[in-house]
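Here's the structure, in structure tokens; my notes come after.
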Amino acid sequence: MFDWVIIGGGIHGCTVANFLLKNGKTTREKLLIIDPHPEPMYEWRRNTEKIGMEFLRSPSVHHIDVDPMSLHNYSSQLKEERGFYGQYDRPSLDLFNEHCSKVIESQEILESWHTGSVGQVTKLENIWLIQTEAGREILSRNIVIAVSINRQLSIPDWAEQFYREKKNIYHVFEERLGKLEDIKLPAVVIGGGITAAHSAIKLAGLFPGEVTLVKRHPFRVHSFDSDPGWLGPKKLSCYSKIEDYDKRRALIQNARNKGSIPRELFCNIKRLTKNNKLAVRDGEAVLAEEKADKIVLRFKTGDAIKAGTVILATGFNPSLPDRGWLRQLINEQQLKCANCGYPIVKKSLEWCDHLYVSGPLAELEIGPVSRNIAGARKAAERIAASII
């Protein structure tokens, strides 16, 4: 019997686990994290490494530890200088990941790790029963659902057939796409946001003059993916008073700087295009064809470009995380959901007694930053603070 089971071992799951442990709300022996991957934050590490991210978009006070200054304090203890970028002290990816590893090691979170996938969650009086797809049965007093939408890859209509046929059109975050160093040239990156920018910059460094970035809109340059006012009472005080969840959803959508990039990536792309290492074109593809061992992308304007590999940096479908056990749980427990399908929860992020959420599932309560590292901290703080 566990006191806490956290479903999902990414940044959100690890942040909640660390806050529960460090605030004395549970012990390592009474905590279990269930995740399909062999180690914490597996997808985060794989995806950020793949696209060549150098610095996070988040400031230095956003990380998985309890003390906001923990990352800065860790950096100051190192003998060599470690990177922070810009006025918000955005940490380098290497420093951030190393700090996460130290936090996870210090709390022995790997000792609470179970590699597996949830198959079903049911309620037995006041106890939760979690059954894994491998047949293990786990009992717990509390559950935190910290799953992401990262499985829900957004594939444009024009690319679906080639994508299903497993030809050389890939979503950048799918496992089928291995190292970018091994792709067939020339390469075309589809997307105008931060993932597309990182991917195009990395590929242009690997294959100068062999990469084209295709975007539907002009570059949208913003420091963060939503106004920093959403981190505190400046915007959240009014937001929390809104009882109409359709209005909350509309505010979240309008608040996000969707498809935006920070200024240094914009400058890097401009430099690469000026030096003829990267081509950038505006346009929307409408058709993919295969000719002479190449993919031909045709655009609304009637022109076309050829590619050896097309990489879709087109994000994720924002609908409720696609988990069969989650939909079954909603139906069996008659859990409250808004018209968008997402949970209606208490301020403590309790969906029903002893069932909590973090990440995308908490966004109608936390607001636009819910999916981010800042949202992970806010969720962990609320969950830990609600336990007497």
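The values are calculated or read from the model by the stated rules, or taken from the named source; none is laboratory data. The structure displayed is predicted, hence computed values, not measured ones. As a convention, Cβ positions derive from the backbone with ideal geometry for all residues, glycine included, and neighbour counts pool all protein chains shown. Areas reflect the complete protein model, heavy atoms only, side chains present, ligands, DNA and RNA absent. Shrake-Rupley method; radii C 1.70, N 1.55, O 1.52, S 1.80 Å.
About its Cα centre, how strong a charge dipole does segment 108-243 have in debye, to the nearest 20, once Lys and Arg get +1 and Asp and Glu get -1 at the Cβ?
Numbers: 17 positive and 16 negative charges, 90 e Å.
The calculated dipole for segment 108-243 is roughly 440 debye.
Please list the equivalent ellipsoid semi-axes of segment 257-388, computed as the square roots of five times the alpha-carbon gyration tensor eigenvalues, in descending order and whole angstrom.
Working: eigenvalues 364, 90, 24 Å².
The equivalent ellipsoid of segment 257-388 has semi-axes of 43, 21, 11 Å.
Classify segment 152-229 as rounded, prolate or oblate, taking a ≥ b ≥ c as the square roots of the eigenvalues of its Cα gyration tensor: rounded when a/c is under 1.5, otherwise prolate if a/b is larger than b/c and oblate if not.
On the way: a/c = 1.92, a/b = 1.34, b/c = 1.43.
In terms of gyration-tensor shape, oblate.
With the dipole of segment 160-308 worked out from charges on the C-beta (+1 for Lys and Arg, -1 for Asp and Glu) around the Cα centre, which of 228, 199, 299 lies farthest toward the positive end?
Checked the options; the winner is 228.
For residue 226, what residues show an amide H to amide H distance below 5 Å, using hydrogens built from the backbone and excluding near sequence neighbours?
257
Can you list the residues, at least 5 places off or on another chain, whose amide H is less than 5 Å from the amide H of residue 357, using H built in the peptide plane?
It is 145, 351, by chain and number.
Defining a contact as two alpha carbons under 8 Å apart and six or more residues distant in sequence, what relative contact order in percent does the chain show? Mind dumping the intermediate values first?
Details: 741 pairs, mean separation 82.1, N = 388.
Computed over the chain, the figure is 21 percent.
Might you tell me the accessible area per residue for the chain, computed with a 1.4 Å probe and given in Å²?
Values: 18050 Å² over 388 residues.
Accessible surface, normalised per residue, equals 47 Å².
Of the heavy-atom accessible surface of segment 83-178 (probe 1.4 angstrom), what whole percent is carbon and sulfur?
Roughly 41 percent, rounded to a whole number.
Gap in Å between the Cα centre of segment 15-47 and the Cα centre of segment 235-272?
28
Compute and list, largest first, the equivalent-ellipsoid semi-axes of segment 1-135 from the alpha carbon gyration tensor, each √(5λ) rounded to a whole angstrom. Mind dumping the intermediate values first?
Values: eigenvalues 192, 56, 26 Å².
Gyration-tensor ellipsoid for segment 1-135: 31, 17, 11 Å.
Compute the signed sum of charges (Lys and Arg +1, Asp and Glu -1) over the other residues within less than 10 Å, Cβ to Cβ, of residue 304.
+1
Residue 179 accessible area, nearest 10 Å², 1.4 Å probe?
Roughly 140 Å² of residue 179 is accessible to a 1.4 Å probe.
By a straight-distance test (C-alpha under 12 Å), which aspartates and glutamates pair with residue 300 as possible cross-link partners, with residues fewer than eight away in the same chain excluded?
282, 284
What ratio of Cα Rg to 2.2 N^0.38 Å holds for segment 91-169? Show your work: numbers first, answer last.
Values: Rg = 19.0 Å, N = 79, 2.2 N^0.38 = 11.6 Å.
Normalised by 2.2 N^0.38 Å, the Cα Rg of segment 91-169 equals 1.64.
Would you mind checking the tilt of helix 373-385 against the longest principal axis of the Cα atoms of the chain, expressed as 0 to 90 degrees and rounded to 10?
For 373-385 against the chain, the angle is about 0 degrees.
Please list 3J(HN,Hα) in residue order for segment 147-164, calculated via the Karplus relation 6.51 cos²θ - 1.76 cosθ + 1.60 where θ = phi - 60°; whole Hz, with x for glycine and proline.
Running phi through 6.51 cos²θ - 1.76 cosθ + 1.60 with θ = phi - 60° gives 8, 10, 9, 5, 7, 8, 5, 8, 10, x, 4, 5, 9, 4, 5, 4, 5, 5 Hz.
Of all alpha-carbon pairs in segment 193-332, indicate the percentage at a distance above 26 angstrom.
Values: 4347 of 9730 pairs.
Everything past 26 Å amounts to 45 percent.
When DSSP beta bridges are limited to those with both residues in segment 1-160, what percentage is antiparallel, rounded to the nearest 5? Don't jump to the answer; show the numbers that get you there.
Details: 13 of 25 bridges.
In segment 1-160, approximately 50 percent of DSSP beta bridges are antiparallel ones.
For the cross-link pairs 202/274; 25/347; 50/378, which exceed 24 Å when the distance is taken from alpha carbon to alpha carbon?
Values: 202/274 16 Å; 25/347 18 Å; 50/378 28 Å.
As for pairs spanning more than 24 Å Cα to Cα, those are 50/378.
Per the 1.4 Å probe, what fraction of the accessible area of segment 180-234, in percent, lies on carbon and sulfur atoms? Working shown, then result.
Working: 1240 of 2290 Å².
In segment 180-234, the share of accessible area belonging to carbon and sulfur is 54 percent.
Hey, what do the phi angles of segment 352-359 turn into as Karplus ³J(HN,Hα) couplings, whole Hz, using 6.51/-1.76/1.60 and θ = phi - 60°, x for Gly and Pro?
Listing the rounded values in order: 8, 3, 6, 10, 10, 10, 8, x Hz.
Pop out the Kirkwood hydrodynamic radius of segment 246-305 from its pairwise C-alpha distances, inverse of mean 1/r, in Å to one decimal.
15.0
Calculate log10 I(q)/I(0) of segment 132-270 for q = 0.13 Å⁻¹, where I(q) comes from the Debye formula with a single equal point scatterer on each Cα and nothing for solvent.
-0.83
Out of residues 5 or more away from residue 280 or on other chains, whose amide H comes under 5 Å of its own, with H placed 1.01 Å from N in the peptide plane?
Those lying under 5 Å, H to H, from residue 280 are 213.
For the chain, set up a Gaussian network in which alpha carbons nearer than 10 Å are linked by springs, and say which option among 161, 77, 328 fluctuates the most.
Maximum among the listed residues: 77.
Show that you can apply the helix-only estimate: for the chain, add -39,500 (n - 2.57) for every DSSP H stretch of four or more residues, divide by all residues, and state [θ] at 222 nm to the nearest 500.
Details: 12 runs with 118 residues, N = 388.
Only helices count here, giving -9000 deg cm²/dmol.
State to the nearest 20 debye the size of the charge dipole of segment 193-331 about its Cα centre, where the only charges are +1 on K and R beta carbons and -1 on D and E beta carbons. Let's see the in-between values first.
Values: 25 positive and 14 negative charges, 74 e Å.
Rounded to the nearest 20 debye, it is 360 debye.
Can you tell me which of 367, 193, 341 moves the most in a GNM of the chain? Springs connect C-alpha atoms under 10 Å apart.
Of 367, 193, 341, the most mobile in the Gaussian network model is 341.
GNM on the chain, C-alpha springs below 10 Å: top fluctuator among 27, 122, 301?
Top of the fluctuation ranking is 301.
P(r) of the chain in 20 Å steps, Cα pairs, percent per bin?
26, 56, 18, 0
What number, in percent, do you get for the relative contact order of segment 1-76 if the mean sequence gap of Cα pairs under 8 Å and at least 6 apart is divided by its residue count?
On the way: 72 pairs, mean separation 26.7, N = 76.
Dividing the mean separation by the residue count of segment 1-76 yields 35 percent.
Straight-line reach only, C-alpha to C-alpha below 19 angstrom: list the aspartates and glutamates that residue 184 could link to, leaving out same-chain residues fewer than 8 apart.
165, 174, 175, 210, 289, 290, 293
Roughly how big is the chain's charge dipole about its Cα centre, with Cβ charges of +1 (Lys, Arg) and -1 (Asp, Glu), in debye to the nearest 20? Spell out each step's value before the answer.
Numbers: 54 positive and 47 negative charges, 248 e Å.
So the dipole magnitude of the chain works out to roughly 1200 debye.
When a/c is below 1.5 the answer is rounded, else prolate if a/b is larger than b/c, else oblate, so apply that to segment 330-388 with a ≥ b ≥ c taken from the square roots of the Cα gyration tensor eigenvalues.
Numbers: a/c = 2.52, a/b = 1.22, b/c = 2.06.
Judged from the Cα gyration tensor, segment 330-388 comes out oblate (a/c at least 1.5, b/c at or above a/b).
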